[in-house]
Each structure stands twice: as C-alpha cells, then as structure tokens.
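Peer 1: Attaching a single structure in structure tokens format; questions to follow.
The values are calculated or read from the model by the stated rules, or taken from the named source; none is laboratory data. Remember, predicted model here, so these are calculated numbers, not experimental data. Using ideal geometry, Cβ is built from the backbone for each residue, glycine included, and neighbour counts are taken over all protein chains shown. Ligands, DNA and RNA are stripped out before the accessible areas are found, and what is left, the full protein with its side chains, is counted by its heavy atoms. Shrake-Rupley method; radii C 1.70, N 1.55, O 1.52, S 1.80 Å.
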Amino acid sequence: MIEKMQSGQADKTYSVRSRFGLNAANFFQAEAVGVVLPILNTFLREARWRYDQIGLATALLGLGTLLFQTPAGILVDRIKSGRLLFFIASIAVGICFGVIPFVPHTALWIDTLLFLSGAAQSIFIPVLGALALALVGYKALNRTLGENQGWNHAGNIVAALLAFVAVRYFGSASIFFSVAIASLVGAFSVYWMRKQELDEDIASGDGKESGVKWSAILRDRTVLFLLLAVGMFHLANAPILPVTALYIKQLGGTSELTTFTVLSAQLVMVPVAWATGRLCDSWGRKPIMAIAFWVLPFRILSYTLAHNPHMVVFLQALDGIGAGIYSVAIVAFAADLTRGKGQFNSLLGIFATSQAIGGVVGPVVSGLVLQHFGFNMTFIGFAALALLAAAAFQLLVPETQSAEECGVALPVNA
C-alpha cells in the first residue's frame, strides 16, 4: 500500500512498510532503554553503592551523550545513511547494557559501560528525526512525529510491564538482558524502511543551496534562548526519575514498584504525543511547549506531599505531559529554525546536547543534595529551577511557526 503526502516541495510517496519500519525503530529503541535507569539505580543500590556513587554513574551515562550529541547531529547531516547509523547505535547500546551482569560491579567497569552506552544513544534523537523528515517531508512531519513518539512511548510501556515481571521473578539484573534483546530487534527493524523512499537531502533541512554552516545557527537569538530554556528544563527534570525510584525504596516500596514510575508516565505520554503532533500545527509550537515547561515545577514540588510509594508512582504520571509534548515539539522547533538553511540534524544534536547537560549535571547535584540534605530539599531545589526554566521559555522564546502554516489542517492518511 502506498500513501502520498505533501512535503512542502513535492509530493512525498511512501509505503505502509516504511512507515511501519520507522514506528518499529522508535518502539524498540524505547523498549531497550526506557526503564533501565530506575532499575539500574536499584541494581547498584543492591550492590551496596552509595547514593552519591549512583548519581555519578548516572551522570556518566549522560556525559557520554553530552560529549557526542552535537557531533552525532553533524554526523547524521553528513552521512546519508540514517538506517545504518541507527543499526550501529542500537547494537552498541545492547552490548553495553547486556554485559553489565557479567562484569565486576566496580565503578571502573560500570561507569565505563554507562559512558559508552550514552555515547551510542546520542545518535538516536537526530537519526530518528532525520528518518521521519526523509520519509514524509515537512507538511506531514509533526503528525508523523506524534505517531512515532506514540510508538516510542508504547515501547516504554511494554518495557515497563516486562521489567516488572522480569525483576519480580528473576531479579534486577534481568533488565539488562531485555535491553540487549530489544536493541537487537530494533537494529534490524529499521531496514523495513525502503531506501528509495527516503529523501536524504530533505532529511538535512534541504539547505544544499544556502551554504549555511551549523555554527552559524548558534547566532540566531531564538536558538540561543531556546537552548537556555531547554538546558534548565532538563537540568531540573533529568534527575527526578531516578530520585523518585530511590524515594519509593525509602518509603518501603518494592523494586518491582519502581518500574511503575516509568509505566505511569508512559501511559500518559502516548495520547499526549499523538495530540501534540496535531496541536503543533493548529495551536503553534510555543503554546503547546509552554504546557510542558509549566507542568514540570508543579510535578517536582508535589513529591514533597507524597508519603507513600503508591502516591509517588501516581504523581510521576505527570511526567508524561512534559515528556510527551517535548519529544515532538522540539523537533518541530528545529525544523522551523533550519528550513531552507540545512543543518536540521545538527540543530537537533545541539538541542539534545543541552538536554544531555541536564543528564550529566542533574544527577551529580541531586546525588550530593540527596546524600546531605534528604529528599524534600532535593525536590524543592529542583522545582525552583524548573520554575526558572518555564519563565525563561515564556518570556524569551518566540513562536517559530510561519503565519501561512498556522491553523492549516493536514490531510489524513487513508
């Protein structure tokens, strides 16, 4: 079955098979790494690691992503083979996590494997965005991103359910085997996408005639302000999931219950991502992204009122609003800011670098604050930072959607 969609330049024609391959890649990529972080923290705690050591280990995973995220975006712009890049990254992630149960549980081994895994994961954001744009073009991009992210979050849901069963019956180490299996399946699923249906020039922002260098994009004030807001958003948000997993244990919750910190959020993310793909076109990029920013401080502060593990799991569902919106809207911002200039994937890599800074600094800071001041002060401090991020986004970042696109209804696939 063949479907046709306007790309903004010419009709884009693609098959259901290619669309399925793109969705499958998103699904298995999420299934591989979606629930590993809270279980990893539980695994390390069972190995008698201190809270600050666990925070450092989590930060090193983020550091690997941080150092390679911008180069990964540039690499995706330069190498016209998104399927191969995704394949290599998936296999690398599977190996890094899959061997953790077999190596000595020392900082040298665990921290190194987490760092290498983070480096490999840096490919996923730009390459999946590039594959979506290459397949459907600009006009259908936001709706396709909403669909892709719906499958991505569905992968997290399946992963959380499987992790609950695996951890309950086989222990926390079993999560690493499931990562390896999902990574292998995901690596091959991307080849369901037909090469002849992928426009690799559009995938880089179609700026081959403009000659704009990726570094020139950083002189755009909108890009800089958005980077500032995104950086603070993720600095506040990144450490909260692993901290809530530890908080559940502190309140007497089980290891299996920590898997539901992921599941509760992902159940919300699926419809939110689907809706965001459509609302980005009808409402504009900024109003929908602002919701993600303002929900975050409310969610973090609400944990100070939770005094039983089940309430923490319930409140964690609010993460699904922010994450579901952000994963779709940030790509829409990047597409707007690079259209006709090129360097689409490079800008995605830069945004992801800002996100990764939060993944590095946040866990280190949260580990230290948690070790010395406890859970309540940790939640209050990061809620204040999230409030600052929301104010920066609201006041400094303008709408990027063009006037002629605003409110335009996209055709629906048959």
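Peer 1: Place the peptides 131-139, 85-93 in order of packing, highest mean first, counting for every residue the other Cβ atoms within 10 Å and averaging per peptide.
Peer 2: Ranking, from highest mean packing down: 131-139, 85-93.
Peer 1: Now, a different point. What distance in nm lies between label points placed 7 Å from Cα along the C-beta direction at residue 165 and residue 380?
Peer 2: Output for this residue pair reads 4.4 nm.
Peer 1: Angle between the Cα long axis of helix 36-46 and the longest principal axis of the chain, 0 to 90 degrees, nearest 10?
Peer 2: 20 degrees
Peer 1: Using Cα atoms only, what is the angle between the long axis of helix 221-237 and the major principal axis of the chain, expressed in degrees (0 to 90) to the nearest 10?
Peer 2: 30 degrees
Peer 1: Just check the stretch 235-351 against the gyration tensor rule for me: Cα atoms, a ≥ b ≥ c as the square roots of the eigenvalues, rounded for a/c under 1.5, and otherwise prolate or oblate depending on whether a/b exceeds b/c.
Peer 2: The shape class here is prolate.
Peer 1: Okay, next question. Does anyone have the angle between helix 285-302 and the longest principal axis of the chain? Alpha-carbon axes, 0 to 90°, nearest 10?
Peer 2: Its long axis makes an angle of about 0 degrees.
Peer 1: Could you look at the chain and say what percent of its accessible area is carbon and sulfur, using a 1.4 Å probe and all protein chains?
Peer 2: On the way: 11050 of 16200 Å².
Its accessible area is 68 percent carbon and sulfur atoms.
Peer 1: Further question on the same structure: Label points 7 Å out from Cα along the Cβ direction at residue 108 and residue 391: separation in nm?
Peer 2: It is 4.8 nm.
Peer 1: Next up: When the distances between all Cα atoms of the stretch 331-375 are binned every 5 Å from zero, what whole-number percent does each bin get?
Peer 2: Going from the shortest bin to the longest, the percentages are 6, 21, 17, 12, 11, 9, 9, 8, 5, 2, 0.
Peer 1: Rank by packing, highest mean first: peptides 190-196, 18-24, with packing defined as the count of other Cβ atoms within 10 Å averaged across residues. Don't jump to the answer; show the numbers that get you there.
Peer 2: Values: 190-196: 16.4, 18-24: 21.7.
Sorting 190-196, 18-24 by mean packing, highest first, produces 18-24, 190-196.
Peer 1: Helix-only estimate, please: 222 nm mean residue ellipticity of the chain, summing -39500 (n - 2.57) across DSSP H runs of length 4 or more and dividing by its residues, to the nearest 500. Working shown, then result.
Peer 2: Working: 16 runs with 302 residues, N = 414.
Roughly -25000 deg cm²/dmol at 222 nm, from the helical runs in the chain.
Peer 1: If I stretch the segment between residue 305 and residue 194 completely, what's the gain in nm (0.36 nm per residue apart, minus their alpha carbon distance), one decimal?
Peer 2: Stretched fully, the residue 305-residue 194 segment lengthens by 34.9 nm.
Peer 1: With a probe of 1.4 Å, find how much accessible area the stretch 336-401 has per residue, and write the answer as a whole number in Å². Intermediate values should be presented prior to the final figure.
Peer 2: Values: 2440 Å² over 66 residues.
I get 37 Å² per residue for the stretch 336-401.
Peer 1: So, with +1 on the Cβ of K and R and -1 on the Cβ of D and E, and no other charges, what is the size of the charge dipole of the chain about its Cα centre, to the nearest 20 debye? List each step's numbers first, then the result.
Peer 2: Values: 26 positive and 22 negative charges, 37 e Å.
Value, rounded to 20: 180 debye.
Peer 1: log₁₀ I(q)/I(0) of the stretch 15-167 at q = 0.17 Å⁻¹, via Debye over equal Cα point scatterers, no solvent, to two decimals?
Peer 2: -1.02
Peer 1: Report the FRET efficiency, 1/(1 + (r/R0)^6), for residue 81 and residue 250, where r is their Cβ-Cβ distance and R0 is 60 Å, rounded to 0.05.
Peer 2: 0.80
Peer 1: Can you list the residues, at least 5 places off or on another chain, whose amide H is less than 5 Å from the amide H of residue 341, using H built in the peptide plane?
Peer 2: none
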